[in-house]
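Q: Below is one structure. I have some questions about it.
The values are calculated or read from the model by the stated rules, or taken from the named source; none is laboratory data. In this text, all values refer to a predicted model and were calculated from it rather than measured experimentally. Counting neighbours? That spans all protein chains shown, and the Cβs are built from the backbone with ideal geometry, glycine included.
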Amino acid sequence: MFLSVFEIFKIGIGPSSSHTMGPMTAAARFLDLLRHASERHHARRLHVTLHGSLAFTGKGHATDRAVALGLLGNLPADLDPDHAERALAALRQTHVVALPGLPALGFDPDLDIVFDYGAPLPGHANGLVFQAHDADGDLLIAETYYSIGGGFVLTAAERSAPKAPAFSGSGKYPYPFDSATSMLRMAQDSGLSIATMKRENENAVRSPDEVEQGLARIWSAMNDCIERGLKQDGELPGGLHVRRRARKIHQSLLADRLTNRVQPHAASDWLGVYAMAVNEENAAGGKVVTSPTNGAAGVVPAVLRYFLDHCYGADPARISEFLLTAAAIGGLIKHNASISGAEAGCQGEVGSAAAMAAAGLCAVLGGTPAQVENAAEIALEHHLGMTCDPVAGLVQIPCIERNGIGATKAVAAASLALRGDGSHFMPLDNCIEAMRQTGEEMSEKYKETSTGGLAVNMPEC
């Protein structure tokens, strides 16, 4: 498999890439499976069971809503929110799914989506099983899917298959690096930057214009999300009564500029407000870009916006360089460890995002490939062990602020790396492996189940 920049950065909806986008995509895949099955003419009812983290935090992450929307024929990238609400309202009235190529299928989200709070399925903490039954209730066809983070979905068979190399059929990719070590070696041998090698690999499967236009779309969606978040007030959904703060903070920062009361640490405030704007939008179910996940969607856009708005000599022509570099690092982490909070904790989400953002910023500020690798390692190293313990299963506390802090760490990591010559003690590959091992050994309570940490230490009201 070749992990494209457009797989690391996917336009979708909040609040979660693994709990919203992934289940919606899995539902669409099951419908396609059913359409091609000989038993489809006898199908009369659909049933879905959520396991592991999808069960424990599925309500807070709107997983049941995402499954229903997927079974109504929607995909995350092109979801129309107004149409979605109308379709869900109709489904609640009729309890029928009617789609091309299939008979009318009974489906009541309140009855036919089951939250199984038992042991998770063996393949991944985010498992869900789709079933189609006939008029007598007999099972016709079933499939198990795993939502493995960042909106990626695998069937049980795909998940249990031997791990594919990062570049299968690597002959068509000019720079098939699957580790930071091989990436640096290829950069040294070719004299090219990480972004240029990544671009050449992308050009092997897409035209240069498609790549450039796609990157422009990604940044436009990221920046639009920041702008929407900076303009919104009110309370986030879910019952915690968390109020949006990005707009008020942004207005305060603008006022400080007008009155010349800018503190030296204001740069961190700008990073924080950009990231919080994105993650408040995500928590509200808005349009976001996985970076590499929804829960960590604010870090990369915040650091890139910070570069454009606050760094000397920033050139918008380097946006694609930032994104390509960040995607190269994100691909290495996903291939060799995990970007899933349910599998690795928040080190796999915000930690990965900070490493990606640090690498991107280091690159556009003139860093060498060795300095870029160092920046990514510093950022990831200082997120190791971070738990994923969302309060009430909502991507709000601590997730929104955590993105702001992750963005700040990313900038600090890039700055430290640029002050050096790229040589350092702990290679990025070893840090990624340490993250994988830490996630594997981390208690399930701290991996997006909301059964430990902050999630069980709330104030009593």
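Q: Against the condition touching a residue at least 40 places away in the same chain (Cβ under 8 Å), at negative phi and in contact with a helix residue (DSSP H, G or I) (Cβ under 8 Å, 6 or more places away or on another chain), how does Leu215 come out, does it pass?
A: Working: touching a residue at least 40 places away in the same chain (Cβ under 8 Å): yes; at negative phi: yes; in contact with a helix residue (DSSP H, G or I) (Cβ under 8 Å, 6 or more places away or on another chain): yes.
The answer is yes for Leu215.
Q: Search the range 4-20 for residues being among the hydrophobic types (A, V, I, L, M, F, W, C) and closer than 19 Å to Ala327 by Cα, and hand back the single one that is surrounded by the most Cβ atoms within 10 Å (Cβ to Cβ). Give the derivation first.
A: Quick first cut of the range 4-20, residues among the hydrophobic types (A, V, I, L, M, F, W, C) only: 5-6, 8-9, 11, 13.
Restricting the remaining residues to those that are closer than 19 Å to Ala327 by Cα gives 5-6, 8-9, 11.
Working: Val5: 25, Phe6: 19, Ile8: 30, Phe9: 27, Ile11: 21.
Out of the qualifying residues, it is Ile8.
Q: How about the range 337-370: which of its residues are under 24 Å from Ala166 (Cα atoms) and surrounded by fewer than 24 Cβ atoms within 10 Å (Cβ to Cβ)? Before the answer, list the steps.
A: Looking only at the range 337-370, we keep the residues that are under 24 Å from Ala166 (Cα atoms), and these are 337-360, 363, 368-370.
Thr368, Ala370, listed by residue number.
Q: Within the range 108-140, which residues are crowded, with 22+ Cβ neighbours inside 10 Å and among the β-branched types (Val, Ile, Thr)?
A: Hit for the range 108-140 is Ile113, nothing else.
Q: Filter the range 399-437 down to residues that are among the hydroxyl-bearing types (Ser, Thr, Tyr) and surrounded by fewer than 19 Cβ atoms within 10 Å (Cβ to Cβ), then give me how many there are. It would help to see each step written out before you state the result.
A: So in the range 399-437, the residues among the hydroxyl-bearing types (Ser, Thr, Tyr) come out as 408, 415, 423.
If we keep only those that are surrounded by fewer than 19 Cβ atoms within 10 Å (Cβ to Cβ) too, we end up with 415, 423.
Of the residues in the range 399-437, 2 are among the hydroxyl-bearing types (Ser, Thr, Tyr) and surrounded by fewer than 19 Cβ atoms within 10 Å (Cβ to Cβ).
Q: Quick one: in the range 280-319, which of the residues that are without any contact (Cβ under 8 Å) to a residue 24 or more places away in the chain and among the small types (Gly, Ala, Ser) is farthest from Cys362 (Cα to Cα)?
A: Of everything passing the filter in the range 280-319, Ala317 is farthest from Cys362 (Cα to Cα).
Q: For the range 58-72: of the residues being modelled with pLDDT of 95 or more and within 16 Å of Tyr117 (Cα to Cα), which is surrounded by the fewest Cβ atoms within 10 Å (Cβ to Cβ)?
A: Among them, the one singled out is Asp64.
Q: Against the conditions (1) within 30 Å of Thr325 (Cβ to Cβ); (2) touching a Gly at 6+ places or on another chain (Cβ under 7 Å); (3) surrounded by fewer than 17 Cβ atoms within 10 Å (Cβ to Cβ), where does Ser147 fall short? Just the number, please.
A: Ser147 satisfies all of (1) within 30 Å of Thr325 (Cβ to Cβ); (2) touching a Gly at 6+ places or on another chain (Cβ under 7 Å); (3) surrounded by fewer than 17 Cβ atoms within 10 Å (Cβ to Cβ) except (3).
Q: Here's another thing I want to ask about it. Of the residues that make up the range 167-175, is at least one outside the structural domain of Thr293 (by TED's automatic domain parsing) and touching a Gly at 6+ places or on another chain (Cβ under 9 Å)?
A: No: zero hits.
This table checks each residue for (1) under 27 Å from the mean Cα position of the chain (by Cα); (2) surrounded by fewer than 13 Cβ atoms within 10 Å (Cβ to Cβ); (3) among the β-branched types (Val, Ile, Thr).
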site: Gln232; (1), (2), (3): yes, no, no
site: Gly238; (1), (2), (3): yes, no, no
site: Arg244; (1), (2), (3): yes, no, no
site: Ile249; (1), (2), (3): yes, no, yes
site: Asp256; (1), (2), (3): no, no, no
site: Thr259; (1), (2), (3): no, yes, yes
site: Trp270; (1), (2), (3): yes, no, no
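Q: Here are some conditions: (1) under 30 Å from Val129 (Cα atoms); (2) over 21 Å from the mean Cα position of the chain (by Cα); (3) at pLDDT below 95. Ala157 meets all but one. Which one does it not meet?
A: Of (1) under 30 Å from Val129 (Cα atoms); (2) over 21 Å from the mean Cα position of the chain (by Cα); (3) at pLDDT below 95, only one is false for Ala157: (3).
Q: While we're looking at this one, here's another question. Which ranges mark the helices (runs of 4 or more DSSP H) fully within the range 310-404 that have 3 or more residues being over 20 Å from Pro427 (Cβ atoms), β-branched (Val, Ile, Thr) and at pLDDT below 95? Step through it out loud before you land on a result.
A: Details: elements: 319-336, 341-344, 350-364, 369-381.
Here the list is empty.
Q: Filter the range 175-210 for residues that are of a type in the set (Val, Ile, Thr) and within 19 Å of Leu365 (Cβ to Cβ); which is nearest to the chain's Cα centre (by Cα)?
A: Let us first name the residues in the range 175-210 that are of a type in the set (Val, Ile, Thr), namely 181, 194, 196, 205.
Within this subset, residues satisfying the condition of being within 19 Å of Leu365 (Cβ to Cβ) are 194, 196.
Working: Ile194: 22, Thr196: 24 Å.
Restricting to residues being of a type in the set (Val, Ile, Thr) and within 19 Å of Leu365 (Cβ to Cβ), the top hit is Ile194.
Q: Is it the case, given these coordinates, that Gln131 is touching a residue at least 12 places away in the same chain (Cβ under 8 Å), assigned by TED's automatic domain parsing to the domain that holds Leu31 and polar (S, T, N, Q)? Lay out the reasoning, then the answer.
A: Numbers: touching a residue at least 12 places away in the same chain (Cβ under 8 Å): yes; assigned by TED's automatic domain parsing to the domain that holds Leu31: yes; polar (S, T, N, Q): yes.
So Gln131 fits the description; yes.
Q: Next up: In contact with a Pro (Cβ under 6 Å, 6 or more places away or on another chain) and either surrounded by 15 or more Cβ atoms within 10 Å (Cβ to Cβ) or more than 18 Å from Ala363 (Cβ to Cβ) (or both), is that true of Phe167? First the steps, then the outcome.
A: Values: in contact with a Pro (Cβ under 6 Å, 6 or more places away or on another chain): yes; either surrounded by 15 or more Cβ atoms within 10 Å (Cβ to Cβ) or more than 18 Å from Ala363 (Cβ to Cβ) (or both): yes.
Yes; evaluated as a whole, the condition is true for this residue.
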